[in-house]
1. Averaging sequence separations of C-alpha pairs under 8 Å and six or more residues apart, then dividing by the length of region 17-85, give the relative contact order as a whole percent.
2. Given points 7 Å out from each Cα along the Cα-Cβ axis, report the Glu22 to His90 separation in nanometres with one decimal.
3. Among Ile32, Leu46, Ala86, which residue has its Cα positioned farthest towards the positive end of the charge dipole of the chain, with +1 placed on the Cβ of Lys and Arg, -1 on the Cβ of Asp and Glu, and the dipole taken about the Cα centre?
4. Around His81, under 15 Å between beta carbons, what's the net of Lys plus Arg minus Asp minus Glu among the other residues?
5. If you build a Gaussian network model of the chain, linking Cα atoms that sit under 10 Å apart, which residue out of Ser49, Ser61, Ser74 swings the most?
6. Taking each pair of different alpha-carbon atoms in region 4-54 once, compute 1/r for the pair, average those values, and report the inverse of that mean as the Kirkwood hydrodynamic radius in Å to one decimal.
7. Can you tell me the alpha carbon radius of gyration of the chain divided by the globular rule-of-thumb value 2.2 N^0.38 Å?
8. Where only protein heavy atoms count, and the probe is 1.4 Å, what is the accessible area per residue for the chain in Å²?
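The values are calculated or read from the model by the stated rules, or taken from the named source; none is laboratory data. All values derive from a computational prediction rather than experimental measurement. Cβ atoms come from the backbone with ideal geometry, glycine included; neighbour counts cover every protein chain shown. To get the accessible areas, we keep the full protein, side chains included, count just its heavy atoms, and leave off ligands, DNA and RNA. Shrake-Rupley method; radii C 1.70, N 1.55, O 1.52, S 1.80 Å.
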Amino acid sequence: MSDNQLNTIYRQAALKVEFDPEPRARLFINNIKRQERAAEQTPCTLRLSSSVQTDYEWHESIEAIVNYEEDQVSVRLTANHTQLAARTFHRTVIGKPP
């Protein structure tokens, strides 16, 4: 598992958010990329969303909220506005010396 992702299982659906050090994020459901967003500068918030079928004729709204700050990235996964997983990562800027 990469350090730049948040994973969880929700009602038999594998949810994953991948993000880059620069503001760019991707939402995957069952290893299929559902949405990708990017921004030009930080701080910023990227919102990615999709629906997922979790039961026969039952669909739920999945949202990933990725907040970029100068030194960290906070990622949250929600289903129907209920938080499923959250984590804050240290932001490493590519090409910037430590």
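1. Relative contact order of region 17-85: 22 percent.
2. Each label point lies 7 Å from its Cα, and together they span 2.3 nm.
3. It is Ile32.
4. Working: positive: Arg47, Arg76; negative: Glu60, Glu63.
Value of the local net charge: 0.
5. Ser61
6. Numbers: mean 1/r = 0.0866 Å⁻¹.
Across region 4-54, the inverse of the average 1/r is 11.5 Å.
7. Numbers: Rg = 13.7 Å, N = 98, 2.2 N^0.38 = 12.6 Å.
This ratio for the chain stands at 1.09.
8. Details: 6270 Å² over 98 residues.
Roughly 64 Å² per residue, with all protein chains present.
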